[in-house]
1. Looking at (1) in contact (Cβ under 8 Å) with a residue 24 or more places away in the chain; (2) surrounded by 13 or more Cβ atoms within 10 Å (Cβ to Cβ), which is the only condition V71 fails?
2. Does at least one position in the range 49-59 carry a residue that is open to solvent by 80 Å² or more (accessible area, probe 1.4 Å), at pLDDT below 85, under 29 Å from L129 (Cα atoms) and touching a helix residue (DSSP H, G or I) at 6+ places or on another chain (Cβ under 7 Å)?
3. Quick one: I128 ticks every box in (1) closer than 30 Å to V8 by Cβ; (2) in contact (Cβ under 8 Å) with a residue 40 or more places away in the chain; (3) loosely packed, with under 13 Cβ neighbours inside 10 Å bar one, so which box is it?
4. Return the residues of the range 6-29 that are within 12 Å of Q53 (Cα to Cα), of a type in the set (A, V, I, L, M) and open to solvent by less than 50 Å² (accessible area, probe 1.4 Å); say none if nothing qualifies.
5. Does the range 94-111 hold any residues that are among the small types (G, A, S) and either in a loop (DSSP other than H, G, I, E, B) or exposed (fewer than 10 other Cβ atoms within 10 Å of the Cβ) (or both), and which are they?
6. Kindly list the number of the only condition in (1) at pLDDT 85 or above; (2) among the hydrophobic types (A, V, I, L, M, F, W, C); (3) under 19 Å from A118 (Cα atoms) that fails for M73.
7. L91 passes all but one of (1) farther than 26 Å from I122 by Cβ; (2) open to solvent by less than 50 Å² (accessible area, probe 1.4 Å); which number fails?
8. Which one of the conditions (1) touching a helix residue (DSSP H, G or I) at 6+ places or on another chain (Cβ under 8 Å); (2) free of Cβ contacts under 8 Å to residues at least 40 places away in the same chain; (3) over 29 Å from I126 (Cα atoms); (4) loosely packed, with under 14 Cβ neighbours inside 10 Å does E81 fail to meet, given that it meets all the rest?
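The values are calculated or read from the model by the stated rules, or taken from the named source; none is laboratory data. Only a predicted model underlies this, so the values are computations on that prediction, with no experimental measurement involved. Quick reminder, even Gly has a Cβ in these numbers, built from the backbone with ideal geometry, and neighbours come from all protein chains shown. Note: accessible area is taken over every heavy atom of the protein model, side chains too, but ligands, DNA and RNA are not part of it. Shrake-Rupley method; radii C 1.70, N 1.55, O 1.52, S 1.80 Å.
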Amino acid sequence: GRLMDLIVTAILLGIVEGLTEFIPVSSTGHLVLAAEVFGYDAQTWAVFNVVIQLGAILAVVVLYWRTFWAVGMGLLRLRKESLAFVRNILLGFLPSAVLGLALKDYIDIMLCSPMVVAWALIFGGIAILAIERVAASYRAKGL
C-alpha cells in the first residue's frame, strides 16, 4: 500500500544519492531527475532529498576527521598551512554562497524543471571534461 510505496521511493532516492554524492556530478540534480523518471512528485520529496544529503555530509566528516582536527589545531596555533587551507576553502565557497543567496528564487524555479536540470548536468559534465584536459598537467603542492 501507501507505506510500501513510501519505503520503495525512499530506498530508490537513497540509492541515487549514494551513487552520485561522491563523484563529480550533482547529486541534487540526479535526485530531481530520479523523481521525474520514477513519477514522484518532486515537491513532496524535496525535504527528504535535503535530509538524506546530511548522511553524505556526515560521511565526509567521518572520512576526513583527522584533517579537520589537524586544521583546527593548526588554527589554534596560527600555523601558516592551516590558515591557508581555511582561506582557500572560504575563497572557493564565497562565490557560490553569494550567487546562491542572490539567485535563490531563480535556482528554486530551475530545480523544479527536470529538463533544465538535465541540460545543466550535460553542460556541467562537458565543462568538467574540458577543464580536466586543460588542468591535467597541473600538480598541486599540499592541500
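1. (1)
2. No; the residues of the range 49-59 include none that is open to solvent by 80 Å² or more (accessible area, probe 1.4 Å), at pLDDT below 85, under 29 Å from L129 (Cα atoms) and touching a helix residue (DSSP H, G or I) at 6+ places or on another chain (Cβ under 7 Å).
3. (1)
4. Across the range 6-29, the qualifying residues are L13, V16.
5. Of everything in the range 94-111, just one residue is among the small types (G, A, S) and either in a loop (DSSP other than H, G, I, E, B) or exposed (fewer than 10 other Cβ atoms within 10 Å of the Cβ) (or both), namely S96.
6. Failing condition for M73: (3).
7. (2)
8. (2)
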